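S.K.: For reference, the structure I am asking about is given below.
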Amino acid sequence: MPAPPIDARSQNAHVLGVEPCGEDGVLLRIKPLEPADPLRAGRFFMLRSLDDTAPSIPRPFSVYRQYDDGSIEFLIKVMGPGTRALAGSPPGTELVCVGPLGNGFPEFEADVPRVMVAGGIGSAPFYMAIQQALEGSHGAKVEPEDLTLIYGGRQAGFLYDLEAFMELGVRVLAATDDGSVGFHGNVLDCLRKQWDAGNLPETVHLLTCGPEPMMEAVAHEAAAKNLKCWVSLETYMGCGVGICNGCSLVTRPDGPLGAWPVAKACVDGPVFSTSAIEF
Ligand SMILES: Cc1cc2nc3c(=O)[nH]c(=O)nc-3n(C[C@H](O)[C@H](O)[C@H](O)COP(=O)(O)OP(=O)(O)OC[C@H]3O[C@@H](n4cnc5c(N)ncnc54)[C@H](O)[C@@H]3O)c2cc1C
Ligand code: FES
């Protein structure tokens, strides 16, 4: 049975700062008491404010950026009580911080261009995924022209920290439902248009994170084109360490996890090959 990662620990951290980001998001930078080793993109922490108004169950967040001083930054969409408490934390606030958790993105084959398809706050794991691909720090080094981020949202304010993604120097294509920025339409239509226009090679690796219907659509497109695809899931989580079964999902009997009928997003994922799971 999968277990929590050996480098995970529960400890306190303090807030270094919170900056607004986009229409309803924040960038939360924290410093855990003990710094983590360099983290693979796609891993996550469970965070809980010690504020009395915050829920007692910590909430999961992908690592957005990791800094040399040991601090870690999260890109957070304010949704309910847990995220509201974190977003309202002044510098110095103590947090409970459990992690690093999860597997992160695998080492991809070299020489296959990667297309990341993000919806809204689903962009969070891709900042470090792009940085690490450019550096070759967790797998093969990839040239900037072989990395594309298609980043969609309802409107401009839901494309969180878009400028920062653009500054990474890879191809970033924005798409909005209302046409306020970039392509007028959804990420899948934007992706198809790139293929139709010959702007993307036919063989790419697809990585996706965002609302479930979007990820499912990307996974279906990948299956139709016989492309490899990975999803970074944002399921509900209670414990983050494999105990509560709050994050269970159905595996595909013919896939690499098929020996078990269910997998747990927290310890088996949150990154899965779409050949492994059912939506
Ligand atoms: C591995 C992982 C990584 C994540 N990374 C990020 C991240 O980087 N940034 C970020 O902003 N969020 C991320 N999330 C989602 C985040 O954990 C939830 O938004 C958060 O738990 C909401 O807590 P809350 O107390 O504010 O809201 P709640 O009161 O728990 O929920 C508020 C509303 O949002 C809905 N909701 C809550 N969680 C989810 C969910 N996972 N999927 C769909 N609807 C949901 C609820 O049904 C409710 O309607 C991640 C989730 C996982 C599992
Ligand atoms: S969140 Fe508890 S088992 Fe995965």
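S.K.: If you take the residues in the stretch 228-251 that are farther than 20 Å from A8 by Cβ and surrounded by fewer than 18 Cβ atoms within 10 Å (Cβ to Cβ), which one is nearest to ligand 2 (Cβ to nearest atom)? Break it down into steps so the answer makes sense when it comes.
M.R.: Taking the stretch 228-251 as the starting set, the residues that turn out to be farther than 20 Å from A8 by Cβ are 228-231, 249-251.
Next cut, surrounded by fewer than 18 Cβ atoms within 10 Å (Cβ to Cβ) only: 228, 250.
Numbers: K228: 25, V250: 14 Å.
If we take residues in the stretch 228-251 being farther than 20 Å from A8 by Cβ and surrounded by fewer than 18 Cβ atoms within 10 Å (Cβ to Cβ), then V250 is nearest to ligand 2 (Cβ to nearest atom).
S.K.: Take the residues in the stretch 200-217 that are surrounded by fewer than 15 Cβ atoms within 10 Å (Cβ to Cβ) and outside any helix (DSSP H, G or I), then tell me which one is farthest from ligand 1 (Cβ to nearest atom).
M.R.: E202
S.K.: Looking at this structure, is S273 within 13 Å of ligand 2 (Cβ to nearest atom) and surrounded by fewer than 19 Cβ atoms within 10 Å (Cβ to Cβ)? Spell out how you get there, then give the answer.
M.R.: Numbers: within 13 Å of ligand 2 (Cβ to nearest atom): no; surrounded by fewer than 19 Cβ atoms within 10 Å (Cβ to Cβ): yes.
For S273, the condition - within 13 Å of ligand 2 (Cβ to nearest atom) and surrounded by fewer than 19 Cβ atoms within 10 Å (Cβ to Cβ) - is not met.
S.K.: Could we say that M128 is at negative phi and exposed (fewer than 14 other Cβ atoms within 10 Å of the Cβ) here?
M.R.: Details: at negative phi: yes; exposed (fewer than 14 other Cβ atoms within 10 Å of the Cβ): no.
It is false that M128 is at negative phi and exposed (fewer than 14 other Cβ atoms within 10 Å of the Cβ).
S.K.: Moving on to the next point. What number of residues within the stretch 1-44 satisfy the criterion of being more than 17 Å from T93 (Cα to Cα) and in contact (Cβ under 8 Å) with a residue 60 or more places away in the chain?
M.R.: 21
S.K.: Restricting to the stretch 236-250, give me the number of residues that are free of Cβ contacts under 8 Å to residues at least 24 places away in the same chain and away from ligand 1 (no atom under 11 Å from the Cβ).
M.R.: Of the residues in the stretch 236-250, the ones free of Cβ contacts under 8 Å to residues at least 24 places away in the same chain are 236, 243-248.
Those left that are additionally away from ligand 1 (no atom under 11 Å from the Cβ): 243-245, 248.
Residues meeting the conditions: 4.
S.K.: Please list, ordered by first then second residue, the pairs with beta carbon atoms under 6 Å, 6 or more apart or interchain, first in the stretch 79-97 and closer than 10 Å to D51 by Cβ, second of a type in the set (S, T, N, Q) and away from ligand 1 (no atom under 14 Å from the Cβ).
M.R.: Listed by first residue and then by second, the contacts come to E94/N12.
S.K.: Continuing with this model, one more query. Go through (1) over 18 Å from the mean Cα position of the chain (by Cα); (2) surrounded by 18 or more Cβ atoms within 10 Å (Cβ to Cβ) and name the single condition P81 misses.
M.R.: (2)
So that you can scan it fast, the table gives a plain yes or no per residue for (1) under 19 Å from the mean Cα position of the chain (by Cα); (2) of a type outside the set (A, V, I, L, M):
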residue	(1), (2)
F61	yes, yes
A85	no, no
L95	no, no
G104	yes, yes
A129	yes, no
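S.K.: Can you confirm whether the stretch 253-276 contains a residue that is over 18 Å from the mean Cα position of the chain (by Cα), under 27 Å from P100 (Cβ atoms) and not in a loop (DSSP other than H, G, I, E, B)?
M.R.: Within the stretch 253-276, one or more residues are over 18 Å from the mean Cα position of the chain (by Cα), under 27 Å from P100 (Cβ atoms) and not in a loop (DSSP other than H, G, I, E, B).
S.K.: Here's a follow-up. Can you find a residue in the stretch 104-116 that is away from ligand 2 (no atom under 16 Å from the Cβ), among the β-branched types (V, I, T) and touching a helix residue (DSSP H, G or I) at 6+ places or on another chain (Cβ under 9 Å)?
M.R.: yes
S.K.: For R43, work out the one condition from (1) crowded, with 19+ Cβ neighbours inside 10 Å; (2) charged (D, E, K, R); (3) at pLDDT below 95 it doesn't fulfil.
M.R.: (3)
S.K.: Restricting attention to the stretch 218-235, does a residue exist that is in contact with a Cys (Cβ under 8 Å, 6 or more places away or on another chain), touching a residue at least 60 places away in the same chain (Cβ under 8 Å), assigned to a loop (DSSP other than H, G, I, E, B) and not polar (S, T, N, Q)?
M.R.: Within the stretch 218-235 (the criterion being in contact with a Cys (Cβ under 8 Å, 6 or more places away or on another chain), touching a residue at least 60 places away in the same chain (Cβ under 8 Å), assigned to a loop (DSSP other than H, G, I, E, B) and not polar (S, T, N, Q)), the answer is yes, since at least one residue qualifies.
Residues are listed down the side, and each one gets a yes or a no for (1) within 21 Å of V26 (Cβ to Cβ); (2) more than 15 Å from the chain's Cα centre (by Cα); (3) among the hydroxyl-bearing types (S, T, Y):
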site: V98; (1), (2), (3): yes, yes, no
site: V115; (1), (2), (3): no, no, no
site: G119; (1), (2), (3): yes, no, no
site: P125; (1), (2), (3): yes, no, no
site: P144; (1), (2), (3): no, yes, no
site: R154; (1), (2), (3): yes, yes, no
site: E163; (1), (2), (3): yes, yes, no
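S.K.: Here is a further query. From P4, P20, grab the single residue that is more than 8 Å from ligand 1 (Cβ to nearest atom) and assigned to a strand (DSSP E or B).
M.R.: Numbers: P4 fails: assigned to a strand (DSSP E or B).
The conditions single out P20.
S.K.: Among (1) touching a strand residue (DSSP E or B) at 6+ places or on another chain (Cβ under 6 Å); (2) surrounded by fewer than 24 Cβ atoms within 10 Å (Cβ to Cβ), where does E109 come up short?
M.R.: That leaves (1) as the condition not met.
S.K.: Right, something else. Could you say whether any residue in the stretch 83-93 is modelled with pLDDT of 95 or more and part of a strand (DSSP E or B)?
M.R.: So far as the stretch 83-93 goes, no, none of its residues is modelled with pLDDT of 95 or more and part of a strand (DSSP E or B).
The values are calculated or read from the model by the stated rules, or taken from the named source; none is laboratory data. Since the model is a prediction, treat every value here as computed from it, not as a measurement. Every residue, glycine among them, receives a Cβ derived from its backbone with ideal geometry; neighbour counts consider all protein chains shown.
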